[in-house]
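Here the structure comes first, spelled out in structure tokens, and everything after it is commentary.
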């Protein structure tokens, strides 16, 4: 009886320690979540405050009793933000589509085809990931300028139609597909391209969806390259639009309208991530797991 009572006491102590530990963890995660989300909350709050209310606040308020959407109207009328959204959509769709063709074919070649020097070529491909992005940007800028492709969608898109990391990720995923499927397809007379389209791509759909979503986010957030390669407003992206709002004096004076423009640019990506977050996590984990 005494042993049983002692065992129950030990069990209760362990349960109490476990609750305390989890409580501390949840508290720390809650504090961290507040710190991470607060900038976006402040940006959203500022975007619905009137200009007069914002400038009248000597001490910033964490709420507003009279929200307004006028800042969003101002953001889209003071600069051609709507056109920049359309340009960004065109740039994102074309870049992602072309990149998908390139990386799928490259990943299939490295994963399934046999040719001389394949491992050496793939090693050289991976070594490109060690080159600093700044050096790549300089090389791309000189090349695009020499080809007279500045201020064009071709110049914007061309340097972004491939990715060594995405080729590697998709190759690892393709290699998880059993060789027996490929051999059976070859026995039936199936061509490599038909096997890729009918077998490998459907099986690897989670990873491909993940790559597409990540590329869309990357294109939408592009800033350095569009700023370097375009000075014609007809080819400005939303990143250029945000910079234009800040530089023309309007954004520096009217901070709420500036915040409205930033919120407008951020919301599509946030919605995209919230919808496909499970596919992103599943695709990355699937692509990084062998066997």
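The values are calculated or read from the model by the stated rules, or taken from the named source; none is laboratory data. Here the structure is a predicted model, which is why all the values come from computation and not from measurement. Methodologically, a virtual Cβ is constructed for each residue, glycine included, from the backbone with ideal geometry; neighbour enumeration extends over all protein chains shown.
Per-structure values
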quantity: Selected residue [within 20 Å of the chain's Cα centre (by Cα), at pLDDT 85 or above and in a helix (DSSP H, G or I)] from 211, 284; calculated: 211
quantity: Among (1) out of contact with any helix residue (DSSP H, G or I) (no Cβ under 9 Å at 6 or more places or on another chain); (2) modelled with pLDDT of 90 or more; (3) surrounded by 10 or more Cβ atoms within 10 Å (Cβ to Cβ), the one test that residue 35 misses; calculated: (3)
quantity: Test: residue in region 133-149 that is outside any helix (DSSP H, G or I) and surrounded by 13 or more Cβ atoms within 10 Å (Cβ to Cβ); calculated: yes
quantity: Scope region 250-278; condition exposed (fewer than 11 other Cβ atoms within 10 Å of the Cβ) and modelled with pLDDT of 85 or more; matching residues; calculated: 271
quantity: Residue list for region 71-82, restricted to those being in contact with a helix residue (DSSP H, G or I) (Cβ under 8 Å, 6 or more places away or on another chain) and surrounded by fewer than 15 Cβ atoms within 10 Å (Cβ to Cβ); calculated: 82
quantity: Residue in region 100-118 that is over 29 Å from residue 206 (Cβ atoms) and in the same structural domain as residue 238 (by TED's automatic domain parsing) present; calculated: yes
quantity: Enumerated helices (runs of 4 or more DSSP H) restricted to region 157-207, each holding at least 3 residues that are out of contact with any strand residue (DSSP E or B) (no Cβ under 9 Å at 6 or more places or on another chain) and either without any contact (Cβ under 8 Å) to a residue 12 or more places away in the chain or surrounded by fewer than 17 Cβ atoms within 10 Å (Cβ to Cβ) (or both); calculated: 179-187, 192-195
